[in-house]
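This report concerns only the one structure given below.
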Amino acid sequence: ERAMSALALVLARSVVVLTGGYRDKHVAYFSCFKRPEKVVVIANGIDVARYRRAAPRPPAHMVRIGMAARFTDTKRQDLLVSALALLVRHQPEVNWRLSLAGDGVCHAQVKALVSRLGLGNHVELMGNLDQADLVSWFQSLDFYAHASEGEALSTAMLQAMSMELPIVASAVPGISNLLMQGERQFGLLAKENTPEAFADVIRLLQSNPDLQTRFMADARDLVIRLYNNETMFESYNNLVQGSRN
């Protein structure tokens, strides 16, 4: 990957990255090429008209938490399963549910963990979902959780924010800078990437409706302003047109 990135800096007119932080790291790592102007930031954009909150659901007798991502070593669905075990153990009066959308090389390991912890009645493994099913899946959730060792810019998190879902997530690069921008906060970060830390922030958010409401409206407003698909298209279009001139 480093070799391909270096080759792109030599041969391509522009190299697109998703965040300013990633751009700074990219430019510093390849400082020998001395062409920082070639590295351009264009954030992911989503269809905010499609990914929007449905009509309020009637109060349910369960709390549904979800994560949508590939099952890989860097995505930590296993951490969420272990956090759910703690929630079930310490708050048995709450009907906790965890729904995991996606597939990948670590899917079997997560499935085995669910079985080992006796959480078969509390965890759904949804597999890969098409766009229509993914929207319905998001609409079924009460909270969105994203456990990861690091991100560039998570499309699933943007979708959840656009759907006005309260979010808890890992305090790692690519997530912290999305949920904490300036003086504004758009979700809760776990202090550590541990089941205990995630269980704590989920309990905190679940018990604080006012905090949920603030995050929900602010997060969708952020996505509409900065991370919508029309803005992304215009940025790529301007880049392409500029390269032709």
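The values are calculated or read from the model by the stated rules, or taken from the named source; none is laboratory data. Bear in mind the structure is a predicted one, so any value in this text is a computation, not a measurement. Quick reminder, even Gly has a Cβ in these numbers, built from the backbone with ideal geometry, and neighbours come from all protein chains shown. Calculation scope for accessible area: heavy atoms of the full protein, side chains included, ligands and nucleic acids excluded. Shrake-Rupley method; radii C 1.70, N 1.55, O 1.52, S 1.80 Å.
Between the residues Leu188, Leu178, Leu211, the greatest Cα displacement towards the positive end of the dipole of the range 177-245, with unit charges on the Cβ of Lys, Arg, Asp and Glu, is found for Leu178.
The candidate values are [x] 35; [y] 26; [z] 31; the one derived from this structure for percent of Cα pairs over 30 Å apart carries the label [z].
Over the residues of the chain, the helix contribution to mean residue ellipticity at 222 nm works out to -14000 deg cm²/dmol, using -39500 (n - 2.57) for each DSSP H run of at least 4. Rounded to the nearest 10 degrees, the angle from helix 195-206 to the longest Cα principal axis of the chain is 80 degrees. Modelled this way, with points 7 Å down the Cα-to-C-beta line, the labels at Val94 and Arg184 are 2.7 nm from one another. Averaged over its residues, the chain has an accessible area of 52 Å² per residue, based on protein heavy atoms and a 1.4 Å probe.
Solvent-accessible area assigned to carbon and sulfur over the chain amounts to 52 percent, based on a 1.4 Å probe.
Rounded to the nearest 10 degrees, the inclination of helix 20-29 to the longest alpha-carbon principal axis of the chain is 60 degrees. Principal-axis analysis of the Cα atoms of the chain puts helix 2-11 at an angle of about 40° to the longest axis.
Applying 0.36 nm per residue to the separation of Asp218 and Leu11 and subtracting their alpha-carbon distance, the gain on full extension is 70.4 nm. Extending 7 Å from the Cα toward the beta-carbon at both Glu192 and Val40 defines two label points whose distance is 4.4 nm.
Rounded to the nearest 0.05, the FRET efficiency derived from the C-beta distance between Asp130 and Ala108 at R0 = 30 Å is 0.85. Charges on Cβ only, +1 for Lys and Arg, -1 for Asp and Glu, centred on the Cα centroid of the chain; of Ala145, Gly242, His107, which one is farthest towards the dipole's positive end? Toward the positive end, the furthest listed residue is Gly242.
Remark: spin-label model distance Thr74-Leu204 equals 2.6 nm, labels positioned 7 Å along the Cα→Cβ axis.
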